[in-house]
Amino acid sequence: PRLMLSRAHGTIANVHTRVYIRVFTRARSITSSRAMELRCKDDGIEPTGFWSSSEEDEAPSTSASTTPILSKAEKKRRARFASIPIDCPACGQDIKSNAFRMHLQKCASDVLRDIPKSTWNVDDVNGSALEARRIAGEINDEFVSKVKTMCYRHRDGLKTERVTTAQAAEALGVPEDRVKMTLRRASLAIELAQEDIPLDVVFEDDEFLVVNKPPNLRFHPNHRFESNSLLSRALHHLGGATPYIVHRLDMDTSGVAVFVKKHSLVSDVAAQFQNKTAKKTYLAIAVGVSPPGCGDAFVVEAPIGDHGIVREARTVDFSGEGKEARTICEIATSADTTLFDITDESVAAMTTPKGVTPVAEPTTKSPKSIAALVRVLPLTGRTHQIRVHLAHAGLPIVSDALYGPHLRWSAQSDEEKAKHVWSAEQLAACASENPTQMHQLTPPDSRDAKEPWGQWGGALSIRRQALHAHRLELKHPVTGKTLTFQAPMPDDMRSVCDALGLDTSAF
């Protein structure tokens, strides 16, 4: 009996051990499978495997059907990672869908105000943002139409008065920047016109396009749909690729002009022009009297301000309201001229104009009337700086409609003659606090100005000021190498030099 009892106990213990091991192992499998199911449901994946396929081990129905409750912060986090880019109809920027509403509040609050609040659904951020974008586009299109009608004269046949951006903003109840941005985007939406006319290429590689700009050609058009500009020709030359503008020349000025091909170089090259580290050398044909005591090289440091009468003219202004301006001038070649006479008493009273100083030691040469080819290096970039400074120094540029020598030493009638003859008092006033120069009187508006007459006409009249951008030096933004570009003098200026007896072989 003891043997039998012992065997019975052993059998029971063995069975208990096997049951315990089986139950423990099974419990671990159920726990792991349940955790896997919860993770799958959390990520939106249908659970598979042991838990879903085993009917005998199904979890209680209350646990299987319960959806995890997410906090507001968790919903925002998930929306941020699942957001899509949406373009703003007002400014064109790509904005994340979960931030689209906040962006509209800053960019175009007038648009956001008209979007129904029911459009925004926190449970479907992408879908609601797309619907809001559709509605915002319709609202903004209507706004753009109103702005164009108000700010464009005679648009679509409507003979309405053009209003300013400030007036339009006030009428529409929006910030002025909103109106300006709308007009700018409307303008940029127009494709730039191209013109199939060959360029005079000075240099070209994968980064730069350097050309010799002809005279009487705009650097860029007034409107994007217009051609007849250097930019429209460069666009065609590059096959429609964008030539980036980093500086410009006046319409009547010829010479070296640079376009940048790579956008990554634009800011650095443009900064060289803005900071005046780019060295620009001009050639100007002048007729007059070199500044007394200055020899062939002089510096003009004279502030420049608005003329006050003629809108587009400028003048030397020592009153404190003019902007600082500095120009280095060197007479490269000269010849005597009989275009005007300075042998009268006024020459004896002639003094060096205020702000004009010699580069080297002062000379004692007697002043005389000359024609000169002047090499000019502007150290600042004021409007009409070279033209105004040379006129102030006594060497106005030939054929210049605003400041030319034909205005100073010629007259169309006896009544006007007194206006063009300098008295001794006027010449002496050049060194005073308020110098009286011919260009400070009232020059003609260039739009109504007559062609130079008499001895100043003919070969000396080229329908523009005789000014040419001859040479340009830049630093390569990447390599640091000095880049030097040079454009030969155009034919119209050579003809003027020939008429005045000036040697142009070096240019």
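Number of residues in the range 241-260 that are outside any strand (DSSP E or B) and under 17 Å from residue 212 (Cα atoms) equals 9.
What about residue 326, is it among the charged types (D, E, K, R), open to solvent by 30 Å² or more (accessible area, probe 1.4 Å) and in contact with a His (Cβ under 6 Å, 6 or more places away or on another chain)? Step through it out loud before you land on a result.
Working: among the charged types (D, E, K, R): yes; open to solvent by 30 Å² or more (accessible area, probe 1.4 Å): yes; in contact with a His (Cβ under 6 Å, 6 or more places away or on another chain): no.
Criteria not met by residue 326.
Which residues, taken from the range 474-483, are assigned to a strand (DSSP E or B) and more than 21 Å from the chain's Cα centre (by Cα)? Outline the logic, then answer.
If we filter the range 474-483 for residues that are assigned to a strand (DSSP E or B), which is where we start, we get 474-475, 482-483.
Selection gives 482, 483.
Evaluate the following for residue 111: is it under 27 Å from the mean Cα position of the chain (by Cα) and among the hydrophobic types (A, V, I, L, M, F, W, C)? Considered against the rule, which asks whether it is under 27 Å from the mean Cα position of the chain (by Cα) and among the hydrophobic types (A, V, I, L, M, F, W, C), residue 111 comes out as no. Residues that are within 29 Å of residue 401 (Cβ to Cβ), open to solvent by 40 Å² or more (accessible area, probe 1.4 Å) and of a type in the set (A, V, I, L, M, F, W, C) within the range 464-507 comprise 499, 506, listed in sequence order. Residues in the range 232-248 that are of a type in the set (A, V, I, L, M, F, W, C) and either crowded, with 21+ Cβ neighbours inside 10 Å or modelled with pLDDT of 95 or more (or both): 234, 235, 246.
Restricting the range 289-306 to residues that are more than 27 Å from the chain's Cα centre (by Cα) and open to solvent by 50 Å² or more (accessible area, probe 1.4 Å), the residue that is modelled with the highest pLDDT is 301. When the range 179-222 is filtered for residues that are under 22 Å from residue 474 (Cβ atoms), of a type in the set (A, V, I, L, M) and open to solvent by 40 Å² or more (accessible area, probe 1.4 Å), the ones remaining, listed by number, are 201, 202. Cβ-Cβ distances below 7 Å connect the following pairs, each with a first residue in the range 376-387 that is outside any loop (DSSP other than H, G, I, E, B), a second residue that is open to solvent by 30 Å² or more (accessible area, probe 1.4 Å), and a separation of six or more residues or different chains: 377/328; 378/280. When the residues of the range 118-132 are filtered to those that are within 38 Å of the chain's Cα centre (by Cα) and open to solvent by 60 Å² or more (accessible area, probe 1.4 Å), the one that is farthest from residue 94 (Cα to Cα) is 131. Among the conditions (1) closer than 18 Å to residue 402 by Cβ; (2) at pLDDT below 85; (3) among the aliphatic types (A, V, I, L, M); (4) buried (at least 17 other Cβ atoms within 10 Å of the Cβ), the only one that residue 309 does not satisfy is (4). Per the conditions (1) touching a residue at least 40 places away in the same chain (Cβ under 8 Å); (2) under 30 Å from residue 400 (Cβ atoms), the sole criterion not satisfied by residue 206 is (2).
Would you call residue 284 crowded, with 16+ Cβ neighbours inside 10 Å, assigned to a helix (DSSP H, G or I) and within 38 Å of the chain's Cα centre (by Cα)?
On the way: crowded, with 16+ Cβ neighbours inside 10 Å: yes; assigned to a helix (DSSP H, G or I): no; within 38 Å of the chain's Cα centre (by Cα): yes.
So residue 284 does not fit the description; no.
Please verify whether the range 491-507 includes one or more residues that are under 27 Å from the mean Cα position of the chain (by Cα) and either at positive phi or at pLDDT 85 or above (or both). Within the range 491-507 (the criterion being under 27 Å from the mean Cα position of the chain (by Cα) and either at positive phi or at pLDDT 85 or above (or both)), the answer is no, since none of the residues qualifies. When residues in the range 90-123 are screened for being basic (Lys, Arg), under 27 Å from residue 69 (Cβ atoms) and without any contact (Cβ under 8 Å) to a residue 24 or more places away in the chain, 2 of them pass. The residues of the range 267-281 that are in a helix (DSSP H, G or I) and either among the acidic types (Asp, Glu) or surrounded by fewer than 16 Cβ atoms within 10 Å (Cβ to Cβ) (or both), listed by number, are 267, 268, 271, 274.
Take residue 334 and decide whether it is farther than 22 Å from residue 383 by Cα and in a strand (DSSP E or B).
Yes: the conditions hold for residue 334.
Filtered by the rule that a residue be closer than 19 Å to residue 203 by Cα and either open to solvent by 10 Å² or more (accessible area, probe 1.4 Å) or of a type in the set (Phe, Trp, Tyr) (or both), the range 250-264 gives 259, 261, 262, 263.
The values are calculated or read from the model by the stated rules, or taken from the named source; none is laboratory data. Remember, it's a predicted structure, so these values are computed and weren't measured experimentally. In this analysis, Cβ positions are derived from the backbone assuming ideal geometry, glycine residues included, and neighbour counts consider all displayed protein chains. Keep in mind that these areas ignore ligands, DNA and RNA; they rest on the heavy atoms of the full protein, side chains included. Shrake-Rupley method; radii C 1.70, N 1.55, O 1.52, S 1.80 Å.
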